[in-house]
1. Scan segment 94-118 for residues that are crowded, with 23+ Cβ neighbours inside 10 Å, closer than 28 Å to residue 21 by Cα and touching a helix residue (DSSP H, G or I) at 6+ places or on another chain (Cβ under 7 Å) and jot them down.
2. Test residue 186 against the stated conditions and say whether it is farther than 23 Å from residue 77 by Cα, in contact with a strand residue (DSSP E or B) (Cβ under 9 Å, 6 or more places away or on another chain) and assigned to a loop (DSSP other than H, G, I, E, B).
3. Taking residue 74 and the conditions (1) farther than 23 Å from residue 21 by Cβ; (2) under 14 Å from the mean Cα position of the chain (by Cα), which numbered condition does it fall short on, given that it satisfies the others?
4. Could you please find all residues in segment 27-42 being free of Cβ contacts under 8 Å to residues at least 60 places away in the same chain and buried (at least 18 other Cβ atoms within 10 Å of the Cβ)?
5. I need the full set of residues from segment 27-51 which are assigned to a helix (DSSP H, G or I) and either at pLDDT 95 or above or out of contact with any helix residue (DSSP H, G or I) (no Cβ under 6 Å at 6 or more places or on another chain) (or both), in order please.
6. Looking at 158, 184, 167, which is the one that is touching a helix residue (DSSP H, G or I) at 6+ places or on another chain (Cβ under 8 Å) and free of Cβ contacts under 8 Å to residues at least 60 places away in the same chain?
7. The conditions are (1) crowded, with 16+ Cβ neighbours inside 10 Å; (2) over 15 Å from residue 132 (Cα atoms), and residue 9 fails exactly one of them. Which is it?
8. Please state which of the following conditions residue 56 fails to meet, knowing it meets all the rest: (1) closer than 24 Å to residue 172 by Cβ; (2) out of contact with any helix residue (DSSP H, G or I) (no Cβ under 8 Å at 6 or more places or on another chain).
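The values are calculated or read from the model by the stated rules, or taken from the named source; none is laboratory data. Since this is a predicted model, take the numbers as computed values, not measurements. Every residue, glycine among them, receives a Cβ derived from its backbone with ideal geometry; neighbour counts consider all protein chains shown.
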């Protein structure tokens with residue numbers, strides 16, 4: 001048995017955590033061992049990097065930010081993702097290299113191909129079998145975040161930043177239609193989950 005690598009992507013407040021929780025329960029009920037993780041922050045080192053890039057006061061240079069995410073990704077894949085896949089587990093991950101291409105490439109206006117190349121090098125070319133893009137108008141995402149007491153550094157960026165991120169995600173998905181499932185995150189959560197399960201189910205037979 002080989003494992004199955006599934007990632008969830010999208011802008012802030014699109015519902016990744018809710019969908020991951022529901023998918024985790026569904027997969028577990030089907031007898032699969034699920035490893036739920038995230039980037040950054042899926043390891044002790046990742047938690048330290050997460051604090052640096054998301055919660056540190058003051059400016060972080062865009063290239064430094066991209067390199068920190070890549071460092072987290074390299075360690076996370078080597079110590080969490082690849083061992084889980086080797087055991088035959090389902091790895092269900094909140095954010096992966098597509099986030100760097102969207103947020104640092106488009107959001108921070110770096111070269112998207114350079115950012116992607118850096119991440120691919122960091123993970124030895126490992127790509128998910130399925131990436132679920134939860135797509136949402138950034139203005140709706142901002143309204144969903146309105147009740148939060150505190151924003152991280154990326155959430156606090158303006159609407160133009162978040163629109164660049166959304167546009168980049170849609171370009172990435174259009175370029176890799178076999179890997180991506182794009183779902184309207186404005187739909188009721190149960191409808192979003194149904195679409196995700198429909199895409200995951202046939203992949204379980206292959207893993």
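1. Within segment 94-118, 97, 98, 100, 101, 102, 103, 104, 107 qualify.
2. When the stated conditions are applied, residue 186 passes them.
3. Going through the list (1) farther than 23 Å from residue 21 by Cβ; (2) under 14 Å from the mean Cα position of the chain (by Cα), residue 74 breaks only (2).
4. At the first step, the residues of segment 27-42 found to be free of Cβ contacts under 8 Å to residues at least 60 places away in the same chain are 28-29, 31, 33-38, 40-42.
Result: 34, 35, 37, 38, 40, 41, 42.
5. Of all residues in segment 27-51, those assigned to a helix (DSSP H, G or I) come to 27-29, 44-51.
Of everything in segment 27-51, those that are assigned to a helix (DSSP H, G or I) and either at pLDDT 95 or above or out of contact with any helix residue (DSSP H, G or I) (no Cβ under 6 Å at 6 or more places or on another chain) (or both) turn out to be 27, 28, 29, 44, 47, 48, 50, 51.
6. The unique qualifying residue is 184.
7. (2)
8. With (1) closer than 24 Å to residue 172 by Cβ; (2) out of contact with any helix residue (DSSP H, G or I) (no Cβ under 8 Å at 6 or more places or on another chain) applied to residue 56, the lone miss is (1).
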